[in-house]
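Engineer: Okay, here's the structure, questions in a sec.
Taken together, the values in this text are just the output of simple stated rules run on the coordinates, not laboratory data. Everything quoted here is computed from the prediction, not taken from an experiment. Cβ coordinates were reconstructed from backbone atoms using ideal geometry, including for glycine residues, and neighbour counts include every protein chain displayed.
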Amino acid sequence: MISPFYGRFKLTSPRGYRVLNGYEEYHKGIDLVGIDSNEVRAIADGPVYTLYEENGFGYYIRQYLADGRRIYYAHLSTFKVQNGEKVKKGDILGIMGASGKVTGTHTHLELRPEGYGNESIDICDFTGIPNITGEYEYSQCRSYDNTVEMLIDDGIITEENIINWELMLSGQAPLKAEYVRTLFERYHKKIS
Ligand SMILES: [Zn+2]
């Protein structure tokens, strides 16, 4: 999963049809509320543009992916980037807010295909965030999976060994990785 909020956040309104102020509308993105942080971070690499739309997205950012798809981060209170700046995934783009047409403070996150149209594509597919109202947690992590994180948390293996293990996977370090792998197997036996 990738999220514009580090730590815990809530999905308050999923993508899809909903009734708002008595009108049915298609909600093209997802509404997220940061719990541990109100900093909105880039979920991908690419240039960002700072924009304003009074009766819509408020202060918002449009980011371009390399393939032309567009990511929207809407209803910000403050920008933390310059117009046209090239950002990396995880960079802080702005602060969550309630600008534009909103009922409360949140960040509307939306994905659109390449071009100029306003049709959307599934942001949940892109981020891995479930399209279901609820509370989630995102911690920025390295390339290894949750199992390995769990092993580190439990003190079974060290960060140093993991780095070595990753080097081994790319064919650069055969020795210590064996040690990690042995521990890994032992741990799997322990929990199964
Ligand atoms: Zn929304």
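Engineer: For region 14-54, enumerate the residues that are within 14 Å of the ligand (Cβ to nearest atom), of a type outside the set (Phe, Trp, Tyr) and loosely packed, with under 15 Cβ neighbours inside 10 Å.
Structural biologist: If the condition is that a residue be within 14 Å of the ligand (Cβ to nearest atom), of a type outside the set (Phe, Trp, Tyr) and loosely packed, with under 15 Cβ neighbours inside 10 Å, then Gly16, Arg18, Val19, Leu20, Asn21, Glu25, Glu53 are the ones that fit.
Engineer: Tell me which residues, restricted to region 64-76, are among the small types (Gly, Ala, Ser) and within 16 Å of the ligand (Cβ to nearest atom).
Structural biologist: Correct list: Ala74 only.
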